[in-house]
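Below you'll find the structure, written out as structure tokens, and then a few comments.
Please treat every number below as a calculation from the coordinates, not as lab data. All values derive from a computational prediction rather than experimental measurement. Here the Cβ is made from the backbone with ideal geometry for all residues, glycine too, and neighbour counts use every protein chain on show.
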Amino acid sequence: TDSIKVVEGAIHETSALLEQKWDKIFYTGSGKVGRIIMAAAAKHLTPVILELGGKSPTIVDSNVTARRIIAGKWGCNNGQTCTAVDYILTTKEFAPTLVDALKVELEKCFGKEPMASKDISRVVSLSQFTRLMKLLGEDGVSDTIVLGGQSDADKLKIAPTILMDVPEESALMTEEIFGPLLPIVTVEKLEDSFGIIKSKPKPLAAYLFTKNEKLKTTFVNDISAGGILINDTILHLTVSSLPFGGVGESGMGNYHGKFSFDAFSHKKSVLYRSFDGDAAVRMKAVFWLQCHYNEKAFDYAIYDVDFVQLLEVIVDLEAVSLKQQVLLPTVYDMYYRGRNDIKKYIRNDGDLLKMFWDYGSSDIIMVWIEETNNPIKEFGLVSELKKQREEEEQRKKEKEEMVKNIVEVEMDDEILDVELNL
């Protein structure tokens, strides 16, 4: 059709496509190619969505969850997915138990001879097979194998392979594996895992297996990843109401479900108006906003505009931010530039401060007091305003604290829960 065109090919065809101007480019693949895509898109200022993968970590607490780990690693195309479990972090104490559980469950899934299993996916190409075998053959790596390691180049098959405490500087621990190799990194305390994850580029997915609610909360709050899943792997991709995408080196933008529709849509603002008359207040507000950003117009307004009209705008205007950021500062400048007609309404600094206080602009005047050397700085009401604000904030905090607190009262050797009602 005219709407969809499919172009098959590799580097040459992709390069030709990238020379064209597009409304949007969506790419999923490696970070290396992602950088090429983004550089080409920049020439035309074309927005991009990049889903780039990375090393997705899995922290495992003292709960055996072998089947779910296997499903998210070898069960999904033998580790050849962008959100596959890339490496495991667990305590030195629990690691042997986890390895034993993985061995038992792997045998249930793929039999005693996994290389003969029809359920094991092949490596996608010879070049990828060679890359994986190179990772496995690096100095100090093959000695850490605790399960698997068998391979067949003719069939492009590699058995599920578990390695324990691979050298940190090895390619296996610095590059995305994208295959059936699974390193396990041991730590003294599970919390030490967070530092290891943070030392690497932000992953596309991060997994945690635990029953510890505090650890769950800390993990979600402290770890930056495209997506996080607690007590399972991969499954979050199937939830259409959740956005899927990377962060940092694992990508940008997101999709799935309605997020995919939004990803390829431009939110265009459209406003229709009639030719009916404009509200006077609205026009005055626009004028004062223009004055705020135009020094010459501002100076002209200070000496020319009727102060009573300005007061009407301040009273009638519902936009509090505009009132505080533009109109009241204008009054301030009018007052200190000596407009005589203002003296009927603002006789002294106290009147000015009261006006600001009444219109909820104490924050603005406090900023002026702290950051400028205007005459109002020495006025006695300033300290009173500060004191009032501090007292109000303190009362607010105390009330919130009292509402939340539940105190235990010991009476006749019984502990009663009493909730304070304000």
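What order do you get for 20-28, 90-98 when each peptide is scored by the mean count of other beta carbon atoms within 10 Å, highest first?
Packing proxy ranking, top to bottom: 90-98, 20-28.
Number of Lys pairs in segment 23-152 with C-alpha atoms less than 22 angstrom apart, excluding same-chain neighbours closer than eight positions?
Taking segment 23-152 as the scope, the lysine pair count is 18.
In a shell of Cβ-Cβ distance under 11 Å around Leu204, excluding Leu204 itself, what net charge do Lys and Arg (+1) and Asp and Glu (-1) give?
Values: positive: Lys55, Lys202; negative: Glu51, Asp86, Glu176, Glu249.
So the surrounding residues net to -2.
Going by amide H atoms built from the backbone, whose H comes under 5 Å of the H on Leu163, apart from near neighbours?
Val146, Leu182, Ile184
How large is the translational diffusion coefficient of segment 24-176 in µm² per second when you combine the Kirkwood radius over alpha carbon pairs with Stokes-Einstein at 25 °C and 0.890 mPa s? Kindly include the intermediate steps, with their values, before the conclusion.
On the way: Rh = 17.1 Å.
So the translational diffusion coefficient is about 144 µm²/s.
Determine, for each peptide in 50-60, 64-74, the mean count of other beta carbons within 10 angstrom over its residues, then list the peptides with the highest first.
Descending packing order for the listed peptides: 50-60, 64-74.
Just to be sure I follow: if Rg is taken over the C-alpha atoms of segment 92-241 and Rh is the Kirkwood radius over the same atoms, what is Rg/Rh? Working shown, then result.
Details: Rg = 16.5 Å, Rh = 17.1 Å.
Checking Rg against Rh, the ratio lands at 0.96.
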